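First comes the structure, then the notes that go with it.
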Amino acid sequence: MSASIEIREGYSPQNPETLAAYLSGIDAVRAVLGGEPPQWTIAEVGDGNLNLVFIVKGPAGGVAVKQALPYVRLVGESWPLPLSRAHYEHMALSEQARLTGKLVPHIHHYDERQALIVMELLEPHIIMRRGMIDAVEYPRFADDISSFMARTLYFTSDLALTADRKKAMIAAFAGNTALCKITEDLIFTDPYRVAELNRWTSPELDTYAARWREDGELKIAVSRLKLKFLSSAEAMLHGDLHTGSIMLTPEETRVIDPEFAFMGPMGFDVGAIVANFLLNYLAQDGHVESPGARDGYRDWVLETLERIWTAFREKFLALWRENPTGDAYPISLFAEAEGAARLEMERQAYMDRLWADTVGFAAAKMIRRILGLAHNIDLEWIKDRELRATCEARALTLARDMMVNTAAYGSIATVMAAARQVRRDIAHY
Ligand code: SR1
Ligand code: MG
């Protein structure tokens with residue numbers, strides 16, 4: 001944590017009154033909203049961990065306004081956080097828009113000094129995590145998110161970029177250190193030690209939390225992952241790609257909130273999706289309305305996860321075959337038939353390594369949502385504490401095994417089978 005709250009000249013946190021006056025001075029926003037400021041309705045709706053979020057509606061349309069606060073909203077002013085995260089979010093959103101088009105919200109206006117982004121209002125889209133808690137199926141999602149990940153990760157990697165452009169991207173995102181530090185501490189370190197902000201379902205899971213802190217094998221495994229996160233600048237990551245960072249309808253998907261963006265290991269983004277699908281799968285028992293009511297939905301969650309990984313792998317490989325423009329694996333070295341065949345084998349091996357990273361990072365992200373500071377409502381909203389603890393114990397057990405025995409999880413099918421098995425194995429925490 002940095003020592004004091006950032007003071008930026010001209011910056012002030014908005015409220016509904018100040019925001020109306022501010023937006024009335026921006027032609028592009030006035031055009032979207034229509035009418036005059038007194039006709040606009042403005043509500044602060046932020047329920048995330050870090051920022052202010054306003055929904056603004058006028059006679060002609062609406063916008064969403066996101067403004068960074070100089071501290072972590074979830075914790076308060078005792079945890080300062082730089083406003084520069086809006087700069088990195090804007091840069092990542094612009095790059096993601098270039099690479100994926102309509103899979104991210106349109107930006108109407110960006111104000112660097114106010115650390116404020118005015119975006120397309122996503123309506124009737126909802127946060128995916130909420131939809132999955134209500135057992136809503138999203139038939140387009142596997143195709144959309146696999147395209148998003150394949151395109152953003154491939155085209156910002158050394159497979160597509162020349163070394164100078166790749167290094168320029170590393171330089172551009174290198175300053176997002178405070179957001180990376182949150183991840184380094186909250187995902188890779190705190191759940192495995194006594195830390196002030198840790199929390200879990202207590203006393204039910206006290207023995208689990210203690211065992212996780214004493215587990216040398218697990219702490220080595222998570223430290224290897226942390227080293228990879230710290231040192232492997234493979235591609236531009238979204239950096240926080242959980243189901244709370246996705247807004248969608250059954251027909252349309254938008255990825256939001258890339259303020260944790262930086263150049264890091266690809267498996268971290270893919271692992272976030274895997275982790276959040278597994279957590280939702282294991283949380284479904286806590287939301288069952290009547291016996292068997294969620295059986296079909298649980299299958300949909302795992303089958304969609306399988307489709308996401310399979311489609312991602314295929315799309316990433318296709319991009320590599322069609323766009324071998326980077327300085328890694330120079331195509332001129334593999335022109336003849338034998339070289340081309342070897343390169344194809346290497347591509348498959350590359351994806352296998354990326355899968356192994358994905359399994360490890362997914363495990364780390366599951367554990368942090370149960371033993372660390374920031375939890376998932378998939379589990380938090382289970383009212384029956386015993387049932388919730390049982391769902392969480394299953395997730396912890398699966399995640400531990402994925403992290404220390406990653407080699408046993410060589411395919412998405414093995415992960416799906418293990419998720420099904422852990423529900424059968426653990427009847428009570
Ligand atoms: C203090 S921030 C906690 C978490 O919220 C964000 O969504 C990230 O997941 C971060 O780790
Ligand atoms: Mg977020």
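Go through the residues of segment 183-197 one by one and say whether even a single one is under 26 Å from residue 256 (Cβ atoms), without any contact (Cβ under 8 Å) to a residue 12 or more places away in the chain, in the same structural domain as residue 315 (by TED's automatic domain parsing) and part of a helix (DSSP H, G or I).
yes
Considering only segment 187-217, how many residues are of a type in the set (A, V, I, L, M) and buried (at least 18 other Cβ atoms within 10 Å of the Cβ)?
3
Against the conditions (1) outside any helix (DSSP H, G or I); (2) polar (S, T, N, Q); (3) within 27 Å of the chain's Cα centre (by Cα), where does residue 12 fall short? Just the number, please.
Just one mismatch for residue 12, condition (3).
For segment 400-412, name all the residues that are surrounded by 13 or more Cβ atoms within 10 Å (Cβ to Cβ) and not β-branched (Val, Ile, Thr).
The answer is 400, 401, 402, 403, 405, 409, 410, 411.
Quick check on my filter: what residues within segment 229-278 are aromatic (Phe, Trp, Tyr), away from ligand 2 (no atom under 13 Å from the Cβ) and open to solvent by 10 Å² or more (accessible area, probe 1.4 Å)?
Answer for segment 229-278, where residues must be aromatic (Phe, Trp, Tyr), away from ligand 2 (no atom under 13 Å from the Cβ) and open to solvent by 10 Å² or more (accessible area, probe 1.4 Å): just 262.
Quickly run through segment 31-45 and pick out the residues that are without any contact (Cβ under 8 Å) to a residue 40 or more places away in the chain, assigned to a helix (DSSP H, G or I) and open to solvent by less than 70 Å² (accessible area, probe 1.4 Å).
As a first pass, look at segment 31-45 and keep what is without any contact (Cβ under 8 Å) to a residue 40 or more places away in the chain: 31, 33-45.
Among the residues that remain, those that are also assigned to a helix (DSSP H, G or I) are: 31, 33, 37-39.
Listed by number, the residues that qualify are 33, 37.
If I filter segment 46-84 down to residues being open to solvent by 40 Å² or more (accessible area, probe 1.4 Å), more than 16 Å from ligand 1 (Cβ to nearest atom) and hydrophobic (A, V, I, L, M, F, W, C), which single residue comes out as nearest to residue 182 (Cα to Cα)?
Selected residue: 55.
For segment 57-83, give me each residue that is more than 16 Å from ligand 2 (Cβ to nearest atom), touching a residue at least 60 places away in the same chain (Cβ under 8 Å) and not basic (Lys, Arg).
Within segment 57-83, the first condition is being more than 16 Å from ligand 2 (Cβ to nearest atom), and the residues that meet it are 57-63, 70, 76-78, 80.
Keeping just the survivors that are touching a residue at least 60 places away in the same chain (Cβ under 8 Å) gives 57, 61-62, 70, 77, 80.
Those that are more than 16 Å from ligand 2 (Cβ to nearest atom), touching a residue at least 60 places away in the same chain (Cβ under 8 Å) and not basic (Lys, Arg): 61, 62, 70, 77, 80.
Residue check: is residue 128 of a type in the set (A, V, I, L, M, F, W, C), touching a strand residue (DSSP E or B) at 6+ places or on another chain (Cβ under 6 Å) and within 14 Å of residue 257 (Cα to Cα)?
So residue 128 passes the test.
Condition first: of a type in the set (A, V, I, L, M, F, W, C) and away from ligand 1 (no atom under 15 Å from the Cβ). Now tell me which residues in segment 226-242 satisfy that.
Applying the first criterion (of a type in the set (A, V, I, L, M, F, W, C)) to segment 226-242 yields 227, 229-230, 233, 235-237, 241.
Result: 227, 230, 233, 235, 236.
For segment 204-215, does any single residue satisfy the condition of being of a type in the set (S, T, N, Q), within 16 Å of ligand 2 (Cβ to nearest atom) and modelled with pLDDT of 95 or more?
Among the residues of segment 204-215, not one is of a type in the set (S, T, N, Q), within 16 Å of ligand 2 (Cβ to nearest atom) and modelled with pLDDT of 95 or more, which makes the answer no.
Report yes if some residue within segment 196-217 is within 16 Å of ligand 1 (Cβ to nearest atom) and more than 23 Å from the chain's Cα centre (by Cα); otherwise report no.
yes
If you take the residues of segment 328-341 that are in contact with a helix residue (DSSP H, G or I) (Cβ under 7 Å, 6 or more places away or on another chain) and in a helix (DSSP H, G or I), which of them is least open to solvent (accessible area, probe 1.4 Å)?
Here the answer is 339.
From the list 140, 130, 165, which residue is surrounded by fewer than 17 Cβ atoms within 10 Å (Cβ to Cβ), farther than 18 Å from residue 252 by Cα and either at pLDDT 95 or above or among the hydrophobic types (A, V, I, L, M, F, W, C) (or both)?
After applying the criteria, what remains is 165.
Determine whether segment 346-368 contains at least one residue that is within 29 Å of residue 216 (Cβ to Cβ), of a type outside the set (Val, Ile, Thr) and touching a Lys or Arg at 6+ places or on another chain (Cβ under 6 Å).
Initial filter on segment 346-368 (within 29 Å of residue 216 (Cβ to Cβ)): 352-368.
Adding the requirement that they be of a type outside the set (Val, Ile, Thr) leaves 352-357, 360-366, 368.
In the following step, the residues that additionally are touching a Lys or Arg at 6+ places or on another chain (Cβ under 6 Å) were identified as none.
Checked segment 346-368: no residue is within 29 Å of residue 216 (Cβ to Cβ), of a type outside the set (Val, Ile, Thr) and touching a Lys or Arg at 6+ places or on another chain (Cβ under 6 Å).
Just one of 390, 397, 325, 358 is more than 29 Å from residue 184 (Cβ to Cβ) and either within 20 Å of the chain's Cα centre (by Cα) or open to solvent by less than 60 Å² (accessible area, probe 1.4 Å) (or both); which is it?
Of 390, 397, 325, 358, the one residue that is more than 29 Å from residue 184 (Cβ to Cβ) and either within 20 Å of the chain's Cα centre (by Cα) or open to solvent by less than 60 Å² (accessible area, probe 1.4 Å) (or both) is 390.
From 168, 178, 135, grab the single residue that is over 19 Å from residue 104 (Cβ atoms) and part of a loop (DSSP other than H, G, I, E, B).
Going through 168, 178, 135 in turn, the sole match is 135.
Just checking, which of 244, 267 is among the small types (Gly, Ala, Ser) and closer than 19 Å to residue 93 by Cβ? Working first, answer last.
Details: 267 fails: closer than 19 Å to residue 93 by Cβ.
Going through 244, 267 in turn, just one is among the small types (Gly, Ala, Ser) and closer than 19 Å to residue 93 by Cβ: 244.
Would it be correct to say that residue 18 is hydroxyl-bearing (Ser, Thr, Tyr), open to solvent by 40 Å² or more (accessible area, probe 1.4 Å) and either within 16 Å of ligand 2 (Cβ to nearest atom) or part of a helix (DSSP H, G or I) (or both)?
Criteria met by residue 18.
Out of all the residues in segment 101-108, is one or more of a type outside the set (A, V, I, L, M), buried (at least 17 other Cβ atoms within 10 Å of the Cβ), more than 16 Å from ligand 2 (Cβ to nearest atom) and under 19 Å from the mean Cα position of the chain (by Cα)?
Looking for residues that are of a type outside the set (A, V, I, L, M), buried (at least 17 other Cβ atoms within 10 Å of the Cβ), more than 16 Å from ligand 2 (Cβ to nearest atom) and under 19 Å from the mean Cα position of the chain (by Cα), one finds none in segment 101-108, hence no.
The values are calculated or read from the model by the stated rules, or taken from the named source; none is laboratory data. What you are looking at is a predicted structure, and each value in this text was computed from that prediction instead of being measured. For neighbour counting, all protein chains shown are included, and Cβ atoms are generated from backbone atoms with ideal geometry for every residue, glycine included. We work out accessible area using only protein heavy atoms, side chains counted, and drop any ligands, DNA or RNA first. Shrake-Rupley method; radii C 1.70, N 1.55, O 1.52, S 1.80 Å.
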